[in-house]
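Colleague: Structure provided below as structure tokens; questions to follow.
The values are calculated or read from the model by the stated rules, or taken from the named source; none is laboratory data. Keep in mind the model is a prediction, meaning the values are calculated, not measured. Just so you know, the surface numbers come from the protein's heavy atoms only, side chains and all, with ligands and any DNA or RNA stripped out. Shrake-Rupley method; radii C 1.70, N 1.55, O 1.52, S 1.80 Å.
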Amino acid sequence: MPMFRQLSIKLRESLLYPAYAVALMWGIHLAQQVFNFSLVNWGILPLRKAGWSGIFFSPLIHGDWGHLLANTFPIFFLGALTLFFYRRVAFASLLFIYLLSGLLTWALPFQGGWHIGASGVIYGLWAFIICNGILRRNLRAIALALIVVFYFGGMLAGILPGQESISWQGHLAGLLAGVFTSFWFRDTIEKAEEKPRYSWESEPTEEKTFLDPNIFEQPKAEREHQNRDNFSGWFSNRT
């Protein structure tokens, strides 16, 4: 029962935090529509001083309802998977991907106007989960990576240049951020990935040696005396 309770709490938290993120994105976009204002200038404008603040705010801003709807399910689903299966590194990884995807979008010499939307973070989570399957090389991580590839395999086309009204630059930056984050945390093993330690592995084992291990620590005179005693005993037994 305690294990089931822990899993239920873990699942609830893994769903709750992505739900908060989705609610925040929807709330911001709804406020723009109701009060008729735009936050596009809070997005990322590559290599421009005016656009660096988008590193922190652009994932929360969307151009229209279609844009927001397209990002809602992936950010919720991939975020929940990361939080549930990679809990030890999840929050740090999300922060890495969030900031690094925005920084790369701003810093790399990409062309184009303002970049907004959570797609960079989505591509980062996508790449993070897939690369974990490659780097961690355990059945759990590989199975999770295959699920993500199966459901979101078409996302790879989103990094191809020349797509109108699509921030392929942000997608590519997010993918690079996810790969880097997976590599950075590759040695942090989750509890479910730890190999079980069997009882016999913790039991001390006695080493059997042909010679007495203390024989080389005895003084030379003591060894010679012991050898004479052994020889005398053997000779007396013979006679």
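Colleague: What is the distance in Å between the Cα centres of region 33-71 and region 75-113?
Modeller: 16
Colleague: Convert each backbone phi in region 69-78 into a coupling constant with the Karplus relation 6.51 cos²θ - 1.76 cosθ + 1.60 (shift: θ = phi - 60°), then list the ³J(HN,Hα) values in order as whole Hz, x for Gly and Pro.
Modeller: Using θ = phi - 60°, the values come out as 5, 5, 9, 5, 5, x, 5, 6, 5, 5 Hz.
Colleague: Along region 114-125, what does the Karplus equation 6.51 cos²θ - 1.76 cosθ + 1.60 (θ = phi - 60°) give for ³J(HN,Hα), rounded to whole Hz, x for Gly and Pro?
Modeller: The phi angles translate into 6, 10, 9, x, 8, 5, x, 5, 4, 5, x, 5 Hz.
Colleague: Relative to the present Cα-Cα distance, how much length would full extension add between Leu11 and Ile142 at 0.36 nm per residue of separation? Numbers along the way, then the final one.
Modeller: Working: separation 131, 0.36 × 131 = 47.16 nm, distance 2.03 nm.
Working it through step by step, the gained length comes to 45.1 nm.
Colleague: Continuing with this model, one more query. What are the residues whose amide H is under 5 Å from the amide H of His115, where those residues sit 5 or more places off or on another chain and H is modelled from the backbone?
Modeller: Result for His115 returns Ile44, Leu45.
Colleague: Out of the total accessible area of region 4-101 (probe 1.4 Å, heavy atoms of protein only), what percent is carbon and sulfur?
Modeller: 72
Colleague: Give a residue-ordered list of calculated ³J(HN,Hα) values for region 81-94 (Karplus: 6.51 cos²θ - 1.76 cosθ + 1.60, θ = phi - 60°; whole Hz; x for Gly, Pro).
Modeller: 4, 4, 5, 7, 8, 10, 4, 5, 10, 4, 5, 5, 5, 4
Colleague: Work out, step by step, the length gained on full extension between Arg87 and Leu24: first 0.36 nm times the residue separation, then minus their alpha carbon distance; give nm to one decimal.
Modeller: 20.5 nm
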